[in-house]
Amino acid sequence: MATFKQIRGTTVQNNAGDYTGAVEGQLWYNSTAGSFQFRSVTTAGAWATGGTLNTGRNSAAGAGIQTAGMIAGGSEAPEITNTELYNGSAWTEVNDLNTARRIFASAGSDNTAALFFGGIPTTGVTESWNGTSWTEVNDLNTSRFGLAGGGTQTSALAFAGQGDPPTLYANTESWNGTSWTEVNDLNTARRYLAGAGITTAALAFGGGTPTVTAVTESWNGTSWTEVNDLTSARNNLGGAGNQTAALAFGGLMPSTPTSYVGRTEEWNGTSWTETTDNPVAKSSFGSFGTQAAAVAAGGSPTPVNATTEEWTGAGAPVTETITTS
């Protein structure tokens, strides 16, 4: 029988314990444990079916994380106020928004404390969620829809969007828990974009200028800087994560008004890389979560889409022990 060295041209390395310097797929002998070990290969990220919404809709806003998320509002005219909470497997109806609307933005670290703002009918209305009910608070300075947001209930960021009559905005506003303050504008005015991050470190990507764009901008708490574009231009897409580890998914491609895609891209702080696509191609859905665990709920092309898809990011390589039986 051929030895490992004859097959691979090298001997198995001997190491007393876990070999922290091992690369994916590398084999070594753990002399302390008396067993052969290897570093597993990273698994690819994947989409899976999640719980079904109680009220199907598109153009809703979402906030939170995969195991404690929420969406509110949405649908074609007439707009709705319905709010639902997600626990990672099922949706629960809770108290409604005070103002029915769609195509708006949100901020929130989980489903117990969130902020939703803007929307159609064109408004600057801002509502705060305390885990039980909504309270109307101070409005945005600039009423708009198709904007994006980031941050938390007490420290949020709102950027871009469209006004009525049609005006594309680059406006950025910062929320301090009480009121909105105008800060430095985006470099590219647009609508129907996605965002990720917090008030001092955010990311804005995609959207329409009105031409569909792949432009990505990074916010440092003071100003926006254009960075590397998405690999695919699109609008009405979803976003999750933060400034250094974001996820862009779904949306409409520029070829035709009905080119729905499930395209998924990961941002590493420098550039975007396409990864496993969502098998359900759609746009205008409620999105939330992190780069490693995101959610896409509802959406178009059907006006009452109730599907939910959950993203699980690539698994990190781990040390495994070779056993015999």
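Take every DSSP beta bridge whose two residues both sit in the chain; close to 95 percent of them are antiparallel.
When Rg and Dmax of the Cα atoms in Å is calculated for this entry, the matching label among [x] 25.7, 112; [y] 22.3, 79; [z] 18.4, 54 is [y]. Note: relative contact order over the chain, using C-alpha pairs below 8 Å and six or more positions apart, is 17 percent. Remark: spin-label model distance Asn138-Thr154 equals 1.6 nm, labels positioned 7 Å along the Cα→Cβ axis. Highest mean first, the peptides 80-92, 56-68 sorted by other C-beta atoms within 10 Å per residue fall in the order 56-68, 80-92. Put a dot 7 Å past the Cα of Thr231, heading toward its Cβ, do the same for Asn268, and the two dots end up 1.2 nm apart. Set Lys and Arg Cβ to +1 and Asp and Glu Cβ to -1, take the dipole of segment 46-312 about its Cα centre, and tell me which of Val280, Leu186, Gln291 lies farthest positive. Among Val280, Leu186, Gln291, the one farthest towards the positive end of the dipole of segment 46-312 is Val280.
DSSP loop GluC sites (Glu not before Pro) in segment 222-325 with at most 13 other Cβ atoms within 10 Å of their Cβ, which ones?
Within segment 222-325, no GluC sites (Glu not before Pro) qualify (loop, at most 13 other Cβ atoms within 10 Å).
What you get for segment 46-312, charging only the Cβ of Lys and Arg (+1) and of Asp and Glu (-1), is a dipole of about 300 debye around the Cα centre. Counting 0.36 nm for each residue step from Asn220 to Ser259 and taking away their Cα separation leaves a gain of 10.7 nm.
We did not get these values from a lab; they are worked out from the coordinates using the rules stated. Here the structure is a predicted model, which is why all the values come from computation and not from measurement. Here the Cβ is made from the backbone with ideal geometry for all residues, glycine too, and neighbour counts use every protein chain on show.
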